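Undergrad: The structure that follows is given in the form of C-alpha coordinates.
The values are calculated or read from the model by the stated rules, or taken from the named source; none is laboratory data. Just so you know, these numbers come straight off a predicted model, no measurement behind them. No Cβ is skipped: glycine too gets one built from the backbone with ideal geometry, and neighbour counts run over all protein chains shown. These area figures cover heavy atoms from the full protein model, side chains too; ligands, DNA and RNA do not enter into them. Shrake-Rupley method; radii C 1.70, N 1.55, O 1.52, S 1.80 Å.
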Amino acid sequence: MKKIKLFPSIISADFTNLSKQIKIVEKAGVDGLHLDVMDGNFVPNITFGPLIVSAIKSITSLTLDTHLMIKEPDRYIEAFVKAGSDIITVHVETCPHLHRTIQIIKSNGVKAGVTLNPATSASSLIEIIKYVDLILVMTVNPGFGGQNFIPEMIEKIKILSRLRDNINPSAVVQVDGGVSLKNAKVIVESGVDILVAGNSIFNQKNITLAIRKLKKLII
Ligand code: DX5
Ligand code: ZN
(Lines give C-alpha, C1' and ligand atoms only; values in the text may rest on other atoms or scores of the structure.)
(Ligands and ions follow the chains in the order given, each with its own letter.)
Protein backbone atom coordinates (compact mmCIF):
# COMPACT_ATOMS: atom_id res chain seq x y z
CA MET A 1 0.00 0.00 0.00
CA LYS A 2 1.78 3.19 -1.13
CA LYS A 3 2.09 6.03 1.40
CA ILE A 4 0.46 9.22 0.15
CA LYS A 5 2.36 12.29 1.32
CA LEU A 6 1.04 15.68 2.42
CA PHE A 7 3.05 18.88 1.85
CA PRO A 8 1.49 22.07 3.30
CA SER A 9 2.02 25.11 1.08
CA ILE A 10 3.35 27.86 3.34
CA ILE A 11 2.00 30.64 1.13
CA SER A 12 -1.18 30.41 3.23
CA ALA A 13 0.69 30.36 6.56
CA ASP A 14 0.75 33.27 9.03
CA PHE A 15 4.11 34.85 8.10
CA THR A 16 4.19 36.79 11.35
CA ASN A 17 4.41 33.37 13.07
CA LEU A 18 6.04 31.23 10.40
CA SER A 19 8.42 29.35 12.69
CA LYS A 20 5.58 28.43 15.09
CA GLN A 21 3.30 27.32 12.23
CA ILE A 22 6.04 25.14 10.73
CA LYS A 23 6.54 23.49 14.11
CA ILE A 24 2.79 22.80 14.32
CA VAL A 25 2.58 21.11 10.91
CA GLU A 26 5.82 19.22 11.58
CA LYS A 27 4.36 17.88 14.85
CA ALA A 28 1.12 16.99 13.04
CA GLY A 29 3.15 14.60 10.86
CA VAL A 30 3.34 16.23 7.42
CA ASP A 31 5.99 14.91 5.02
CA GLY A 32 7.43 18.13 3.60
CA LEU A 33 6.85 21.84 3.03
CA HIS A 34 5.81 23.26 -0.34
CA LEU A 35 7.51 26.62 -0.96
CA ASP A 36 5.88 28.78 -3.63
CA VAL A 37 8.43 31.09 -5.25
CA MET A 38 6.74 33.71 -7.43
CA ASP A 39 8.41 36.51 -9.42
CA GLY A 40 5.47 38.78 -10.33
CA ASN A 41 6.41 38.10 -13.95
CA PHE A 42 5.52 34.52 -14.87
CA VAL A 43 2.68 34.81 -12.32
CA PRO A 44 0.99 38.02 -11.09
CA ASN A 45 2.13 37.59 -7.46
CA ILE A 46 5.51 38.04 -5.77
CA THR A 47 6.36 35.88 -2.72
CA PHE A 48 9.88 35.09 -1.49
CA GLY A 49 13.35 33.89 -2.54
CA PRO A 50 16.34 31.87 -1.23
CA LEU A 51 16.56 34.04 1.93
CA ILE A 52 13.27 32.65 3.27
CA VAL A 53 14.11 29.12 2.12
CA SER A 54 17.36 29.15 4.09
CA ALA A 55 15.59 30.56 7.16
CA ILE A 56 13.07 27.71 6.96
CA LYS A 57 15.88 25.18 6.41
CA SER A 58 17.44 26.33 9.69
CA ILE A 59 14.33 25.42 11.72
CA THR A 60 13.03 22.19 10.19
CA SER A 61 14.22 18.83 8.89
CA LEU A 62 11.14 18.48 6.65
CA THR A 63 11.71 18.03 2.90
CA LEU A 64 11.73 21.47 1.27
CA ASP A 65 9.80 21.27 -1.99
CA THR A 66 10.49 24.46 -3.97
CA HIS A 67 8.00 25.34 -6.70
CA LEU A 68 9.57 27.92 -9.01
CA MET A 69 6.89 30.06 -10.64
CA ILE A 70 9.52 32.33 -12.15
CA LYS A 71 10.81 33.17 -15.61
CA GLU A 72 14.27 31.83 -16.58
CA PRO A 73 14.56 29.56 -13.50
CA ASP A 74 18.05 28.33 -14.57
CA ARG A 75 19.43 31.57 -13.11
CA TYR A 76 18.32 30.67 -9.58
CA ILE A 77 18.68 26.87 -9.29
CA GLU A 78 22.03 27.02 -7.53
CA ALA A 79 20.80 29.68 -5.07
CA PHE A 80 17.76 27.62 -4.10
CA VAL A 81 19.86 24.49 -3.72
CA LYS A 82 22.34 26.39 -1.50
CA ALA A 83 19.37 27.73 0.50
CA GLY A 84 18.32 24.16 1.29
CA SER A 85 15.76 23.01 -1.30
CA ASP A 86 15.48 19.23 -1.56
CA ILE A 87 13.23 19.29 -4.62
CA ILE A 88 13.15 22.01 -7.28
CA THR A 89 10.19 22.07 -9.66
CA VAL A 90 10.10 24.20 -12.79
CA HIS A 91 7.27 25.07 -15.17
CA VAL A 92 7.44 23.66 -18.69
CA GLU A 93 6.10 27.05 -19.82
CA THR A 94 9.24 28.84 -18.57
CA CYS A 95 11.90 26.43 -19.86
CA PRO A 96 12.65 26.42 -23.61
CA HIS A 97 15.61 24.11 -22.83
CA LEU A 98 13.77 21.96 -20.29
CA HIS A 99 16.01 18.91 -20.67
CA ARG A 100 19.06 21.04 -19.81
CA THR A 101 17.26 22.71 -16.89
CA ILE A 102 16.34 19.32 -15.40
CA GLN A 103 19.98 18.20 -15.83
CA ILE A 104 21.20 21.37 -14.04
CA ILE A 105 18.83 20.70 -11.09
CA LYS A 106 19.98 17.09 -10.82
CA SER A 107 23.68 17.96 -11.21
CA ASN A 108 23.19 20.18 -8.15
CA GLY A 109 22.31 17.06 -6.18
CA VAL A 110 18.58 17.64 -5.58
CA LYS A 111 15.41 16.09 -6.99
CA ALA A 112 14.01 17.59 -10.20
CA GLY A 113 10.32 18.25 -10.76
CA VAL A 114 8.40 19.55 -13.74
CA THR A 115 4.96 21.13 -13.70
CA LEU A 116 2.40 22.54 -16.12
CA ASN A 117 -0.43 25.04 -15.98
CA PRO A 118 -4.06 23.91 -16.30
CA ALA A 119 -4.27 24.86 -20.01
CA THR A 120 -0.95 23.20 -20.92
CA SER A 121 -1.38 19.75 -22.46
CA ALA A 122 -0.14 16.66 -20.64
CA SER A 123 1.60 15.70 -23.89
CA SER A 124 4.05 18.58 -23.35
CA LEU A 125 5.76 16.41 -20.71
CA ILE A 126 6.08 13.16 -22.68
CA GLU A 127 9.73 13.67 -23.63
CA ILE A 128 10.86 14.83 -20.17
CA ILE A 129 9.09 12.34 -17.90
CA LYS A 130 11.90 9.82 -18.16
CA TYR A 131 14.38 12.35 -16.67
CA VAL A 132 12.40 13.79 -13.72
CA ASP A 133 11.83 12.68 -10.13
CA LEU A 134 8.47 14.47 -9.78
CA ILE A 135 5.55 15.51 -11.97
CA LEU A 136 3.45 18.31 -10.47
CA VAL A 137 -0.05 18.84 -11.85
CA MET A 138 -1.35 22.36 -11.27
CA THR A 139 -5.05 22.21 -10.43
CA VAL A 140 -5.39 26.00 -10.21
CA ASN A 141 -3.88 28.80 -12.28
CA PRO A 142 -0.61 29.53 -10.46
CA GLY A 143 -0.13 32.73 -8.49
CA PHE A 144 -2.32 32.55 -5.41
CA GLY A 145 -3.40 30.26 -2.60
CA GLY A 146 -7.06 29.75 -1.69
CA GLN A 147 -8.36 29.22 -5.24
CA ASN A 148 -10.93 26.60 -6.26
CA PHE A 149 -9.80 23.22 -7.58
CA ILE A 150 -10.36 22.87 -11.35
CA PRO A 151 -12.23 19.53 -11.55
CA GLU A 152 -11.36 18.94 -15.22
CA MET A 153 -7.76 18.43 -14.06
CA ILE A 154 -8.68 14.99 -12.67
CA GLU A 155 -8.57 13.63 -16.23
CA LYS A 156 -5.15 15.20 -16.75
CA ILE A 157 -3.87 13.72 -13.48
CA LYS A 158 -4.96 10.26 -14.67
CA ILE A 159 -3.20 10.74 -18.04
CA LEU A 160 0.05 11.88 -16.40
CA SER A 161 -0.12 9.15 -13.79
CA ARG A 162 -0.45 6.53 -16.55
CA LEU A 163 2.42 8.13 -18.53
CA ARG A 164 4.54 7.98 -15.37
CA ASP A 165 3.67 4.29 -14.87
CA ASN A 166 4.71 3.49 -18.44
CA ILE A 167 7.74 5.75 -18.87
CA ASN A 168 9.25 6.33 -15.40
CA PRO A 169 7.62 4.36 -12.56
CA SER A 170 10.09 5.77 -10.01
CA ALA A 171 8.80 9.33 -10.51
CA VAL A 172 6.12 10.66 -8.14
CA VAL A 173 2.98 12.54 -9.14
CA GLN A 174 2.09 15.61 -7.05
CA VAL A 175 -1.03 17.82 -7.16
CA ASP A 176 -1.14 21.48 -6.19
CA GLY A 177 -4.01 23.92 -5.92
CA GLY A 178 -7.40 23.87 -4.24
CA VAL A 179 -6.84 20.51 -2.56
CA SER A 180 -9.37 20.01 0.25
CA LEU A 181 -11.36 17.43 2.20
CA LYS A 182 -13.90 17.52 -0.62
CA ASN A 183 -11.55 16.37 -3.41
CA ALA A 184 -8.60 14.66 -1.66
CA LYS A 185 -9.99 11.16 -2.08
CA VAL A 186 -10.73 11.41 -5.82
CA ILE A 187 -7.31 13.00 -6.36
CA VAL A 188 -5.56 10.11 -4.62
CA GLU A 189 -7.64 7.58 -6.57
CA SER A 190 -6.33 9.21 -9.78
CA GLY A 191 -2.81 7.97 -9.01
CA VAL A 192 -1.26 10.80 -6.99
CA ASP A 193 1.58 10.34 -4.49
CA ILE A 194 1.89 13.81 -2.92
CA LEU A 195 -0.83 16.35 -2.16
CA VAL A 196 0.00 20.03 -1.67
CA ALA A 197 -2.48 21.99 0.45
CA GLY A 198 -2.33 25.57 1.64
CA ASN A 199 -5.72 27.04 2.43
CA SER A 200 -7.23 23.77 3.68
CA ILE A 201 -4.49 23.58 6.30
CA PHE A 202 -3.24 27.03 7.34
CA ASN A 203 -6.53 28.92 7.01
CA GLN A 204 -8.40 26.47 9.23
CA LYS A 205 -9.19 27.24 12.88
CA ASN A 206 -7.25 24.17 14.04
CA ILE A 207 -4.25 23.39 11.81
CA THR A 208 -3.46 20.09 13.53
CA LEU A 209 -7.04 18.89 13.17
CA ALA A 210 -7.13 19.96 9.51
CA ILE A 211 -4.01 17.89 8.81
CA ARG A 212 -5.38 14.92 10.74
CA LYS A 213 -8.65 14.99 8.72
CA LEU A 214 -6.77 15.28 5.40
CA LYS A 215 -4.36 12.47 6.33
CA LYS A 216 -7.26 10.24 7.39
CA LEU A 217 -8.76 10.66 3.93
CA ILE A 218 -5.60 9.96 1.95
CA ILE A 219 -3.71 7.31 3.91
C1 DX5 B 1 -0.44 28.34 -6.46
C2 DX5 B 1 0.57 27.55 -5.65
C3 DX5 B 1 -0.06 26.51 -4.77
C4 DX5 B 1 -1.07 27.10 -3.79
C5 DX5 B 1 -1.67 26.00 -2.95
O6 DX5 B 1 0.24 29.11 -7.41
O7 DX5 B 1 1.48 26.88 -6.49
O8 DX5 B 1 0.97 25.82 -4.05
O9 DX5 B 1 -0.41 28.01 -2.96
O10 DX5 B 1 -2.53 26.62 -2.03
P11 DX5 B 1 -4.08 26.19 -1.95
O12 DX5 B 1 -4.05 24.78 -1.39
O13 DX5 B 1 -4.66 27.18 -0.99
O14 DX5 B 1 -4.64 26.25 -3.33
ZN1 ZN C 1 2.82 25.50 -5.53
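Undergrad: Return the residues of the stretch 108-119 that are open to solvent by less than 40 Å² (accessible area, probe 1.4 Å) and aliphatic (A, V, I, L, M); say none if nothing qualifies.
TA: VAL110, ALA112, VAL114, LEU116, listed by residue number.
Undergrad: Quick check, is VAL132 within 17 Å of the chain's Cα centre (by Cα) and open to solvent by 20 Å² or more (accessible area, probe 1.4 Å)?
TA: It is false that VAL132 is within 17 Å of the chain's Cα centre (by Cα) and open to solvent by 20 Å² or more (accessible area, probe 1.4 Å).
Undergrad: From the residues in the stretch 1-24 that are within 13 Å of ligand 1 (Cβ to nearest atom) and hydrophobic (A, V, I, L, M, F, W, C), which one is surrounded by the most Cβ atoms within 10 Å (Cβ to Cβ)?
TA: Per the criteria, the residue is PHE7.
Undergrad: Tally the residues that are out of contact with any helix residue (DSSP H, G or I) (no Cβ under 6 Å at 6 or more places or on another chain) and open to solvent by 50 Å² or more (accessible area, probe 1.4 Å), restricting the search to the stretch 53-62.
TA: 4
Undergrad: Yes or no: the stretch 28-44 includes at least one residue that is within 14 Å of ligand 2 (Cβ to nearest atom) and among the small types (Gly, Ala, Ser).
TA: Pass one, the stretch 28-44, residues within 14 Å of ligand 2 (Cβ to nearest atom): 32-39, 42-43.
Adding the requirement that they be among the small types (Gly, Ala, Ser) leaves 32.
Yes.
Undergrad: Counting just the residues of the stretch 26-58 that are touching a Pro at 6+ places or on another chain (Cβ under 7 Å) and within 10 Å of ligand 1 (Cβ to nearest atom), which one comes out nearest to GLY113 (Cα to Cα)?
TA: Filtering first and then ranking leaves HIS34.
Undergrad: Further question: Quick one: in the stretch 25-42, of everything that is in contact with a strand residue (DSSP E or B) (Cβ under 7 Å, 6 or more places away or on another chain) and assigned to a loop (DSSP other than H, G, I, E, B), which residue is surrounded by the fewest Cβ atoms within 10 Å (Cβ to Cβ)?
TA: Here is the first cut: in the stretch 25-42, the residues in contact with a strand residue (DSSP E or B) (Cβ under 7 Å, 6 or more places away or on another chain) are 25, 30-40, 42.
If we keep only those that are assigned to a loop (DSSP other than H, G, I, E, B) as well, we get 30-31, 40, 42.
On the way: VAL30: 22, ASP31: 16, GLY40: 13, PHE42: 19.
For the stretch 25-42, the residue satisfying everything is GLY40.
Undergrad: Got at least one residue in the stretch 177-189 being of a type outside the set (Gly, Ala, Ser), within 14 Å of ligand 2 (Cβ to nearest atom) and under 20 Å from LYS111 (Cβ atoms)?
TA: No, there is no match, as no residue in the stretch 177-189 is of a type outside the set (Gly, Ala, Ser), within 14 Å of ligand 2 (Cβ to nearest atom) and under 20 Å from LYS111 (Cβ atoms).
Undergrad: Then there's this: Can you spot a residue in the stretch 192-214 that is within 16 Å of ligand 2 (Cβ to nearest atom), open to solvent by 50 Å² or more (accessible area, probe 1.4 Å) and more than 18 Å from LEU68 (Cβ to Cβ)? Before the answer, list the steps.
TA: Filtering the stretch 192-214 down to residues within 16 Å of ligand 2 (Cβ to nearest atom) leaves 192-203.
Filter once more, so that each one left must be open to solvent by 50 Å² or more (accessible area, probe 1.4 Å): 199, 203.
Within this subset, residues satisfying the condition of being more than 18 Å from LEU68 (Cβ to Cβ) are 199, 203.
Checked against the condition, which is being within 16 Å of ligand 2 (Cβ to nearest atom), open to solvent by 50 Å² or more (accessible area, probe 1.4 Å) and more than 18 Å from LEU68 (Cβ to Cβ), the stretch 192-214 yields at least one hit.
Undergrad: Mind listing whichever residues of the stretch 135-186 are open to solvent by 80 Å² or more (accessible area, probe 1.4 Å) and in contact with an Asp or Glu (Cβ under 8 Å, 6 or more places away or on another chain)?
TA: SER170
Undergrad: Does the stretch 43-73 hold any residues that are of a type in the set (Val, Ile, Thr) and part of a loop (DSSP other than H, G, I, E, B), and which are they?
TA: Step one: filter the stretch 43-73 for residues of a type in the set (Val, Ile, Thr), giving 43, 46-47, 52-53, 56, 59-60, 63, 66, 70.
Answer for the stretch 43-73, where residues must be of a type in the set (Val, Ile, Thr) and part of a loop (DSSP other than H, G, I, E, B): VAL43, THR47, ILE59, THR60, ILE70.
Undergrad: Looking at ALA122, ALA79, ALA83, can you tell me which residue is open to solvent by less than 20 Å² (accessible area, probe 1.4 Å), aliphatic (A, V, I, L, M), farther than 23 Å from ILE4 by Cα and away from ligand 2 (no atom under 16 Å from the Cβ)? Quick ask: steps written out before the conclusion?
TA: Details: ALA122 fails: farther than 23 Å from ILE4 by Cα; ALA79 fails: open to solvent by less than 20 Å² (accessible area, probe 1.4 Å).
So the residue among ALA122, ALA79, ALA83 that is open to solvent by less than 20 Å² (accessible area, probe 1.4 Å), aliphatic (A, V, I, L, M), farther than 23 Å from ILE4 by Cα and away from ligand 2 (no atom under 16 Å from the Cβ) is ALA83.
Undergrad: Continuing with the same structure: I need the full set of residues from the stretch 11-40 which are over 25 Å from SER190 (Cα atoms) and β-branched (Val, Ile, Thr), in order please.
TA: Those that are over 25 Å from SER190 (Cα atoms) and β-branched (Val, Ile, Thr): ILE11, THR16, ILE22, ILE24, VAL25, VAL37.
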